[in-house]
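Notes follow the structure.
The values are calculated or read from the model by the stated rules, or taken from the named source; none is laboratory data. Please read these numbers as outputs of a predicted model, since none were measured by experiment. For neighbour counting, all protein chains shown are included, and Cβ atoms are generated from backbone atoms with ideal geometry for every residue, glycine included.
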Amino acid sequence: MNPEHGDEALYAAVRAIGGTRVSLGTQSTEAEGLRTLGRVHSPDQALASIAAAAAVGLRVSADLIVGWPGQTAPGVRADVARLTAAGAEHVSVYALTIEADTPWPTLVRRGKRRLPDSDHQADMLAAAEEALTGAGLQHYEVASYARAGRRRGTTCCTGRGRTTWGSARRLTLPATSPTGRCCAGATCAGCRRGRRTRARRRRQSA
């Protein structure tokens, strides 16, 4: 979910119904980064949301976007320090990707934005890796870092019959399925999206 939508009352309610983890689309803890990425929350809101979730006993996963124009390695290190100090035990790091159907390409044509530079993105990813592992988080899969014992399982395999909070919306997974697994397999749109995402990440890391 987005940080501006979460507060301690909401997180306490999630905990009360058996929720154990919340994933927050923090993206950045720098005001410039949030403006560049078009996010409406402030750095203080992002960190307060993480702290509020952690305070009621939820495991917190935070998303971090790197490689936006103007970002620096010290800025990435500061992002990591702030996120982990606020209570994030899991961080997912993604290089900024510009989609064709977003306002960004239009702003580039108007001279108001720059496209991300691949070398700069690689440097920022390296800075994030160094900072996260230095903070005691372990790198696993493609984009995930977690403290020991806090690795995030695949939602479709671990969330049967539970309500899972994602970065943008709430998803209630079915308790049973025709296949006897936690979802309907090939007929489940969420599974298809997940397989496409994992395949894309494998291609990008190859």
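Data overview
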{"quantity": "Of all residues in the range 96-110 being within 19 Å of the chain's Cα centre (by Cα), of a type outside the set (S, T, Y) and surrounded by fewer than 17 Cβ atoms within 10 Å (Cβ to Cβ), the one that is farthest from L83 (Cα to Cα)", "calculated": "E99"}
{"quantity": "Of all residues making up the range 1-16, the number that are in a helix (DSSP H, G or I) and of a type outside the set (A, V, I, L, M)", "calculated": "6"}
{"quantity": "Residue in the range 71-82 that is closer than 28 Å to G149 by Cα and part of a loop (DSSP other than H, G, I, E, B) present", "calculated": "no"}
{"quantity": "Any pair with Cβ under 8 angstrom, 6 or more apart, that starts in the range 69-97 at a residue that is at positive phi and ends at one that is not in a helix (DSSP H, G or I)", "calculated": "G87/V60"}
{"quantity": "Qualifying residue in the range 73-88 (condition: among the β-branched types (V, I, T) and within 14 Å of the chain's Cα centre (by Cα))", "calculated": "yes"}
{"quantity": "The range 34-64, residues that are touching a Pro at 6+ places or on another chain (Cβ under 9 Å), at pLDDT below 95 and surrounded by fewer than 19 Cβ atoms within 10 Å (Cβ to Cβ)", "calculated": "G38"}
{"quantity": "Test for R113: is it touching a residue at least 40 places away in the same chain (Cβ under 8 Å), surrounded by fewer than 20 Cβ atoms within 10 Å (Cβ to Cβ) and in a helix (DSSP H, G or I)", "calculated": "no"}
{"quantity": "Hits in the range 130-146 - residues which are surrounded by 17 or more Cβ atoms within 10 Å (Cβ to Cβ) and under 17 Å from the mean Cα position of the chain (by Cα)", "calculated": "A131, L132, L137, A143, S144, Y145, A146"}
{"quantity": "Residue satisfying all of: in the range 37-70; touching a Phe, Trp or Tyr at 6+ places or on another chain (Cβ under 8 Å) and in a loop (DSSP other than H, G, I, E, B); farthest from V14 (Cα to Cα) among these", "calculated": "L37"}
{"quantity": "Selection status of A88, touching a helix residue (DSSP H, G or I) at 6+ places or on another chain (Cβ under 7 Å), closer than 13 Å to P3 by Cβ and either small (G, A, S) or surrounded by 13 or more Cβ atoms within 10 Å (Cβ to Cβ) (or both)", "calculated": "yes"}
{"quantity": "Condition broken by G19, with the remaining ones in (1) under 16 Å from the mean Cα position of the chain (by Cα); (2) in a loop (DSSP other than H, G, I, E, B); (3) at negative phi satisfied", "calculated": "(1)"}
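Matching residues to (1) at pLDDT 90 or above; (2) hydrophobic (A, V, I, L, M, F, W, C); (3) more than 23 Å from P74 (Cβ to Cβ):
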| residue | (1), (2), (3) |
| --- | --- |
| A126 | yes, yes, no |
| G149 | no, no, yes |
| C156 | no, yes, yes |
| R160 | no, no, yes |
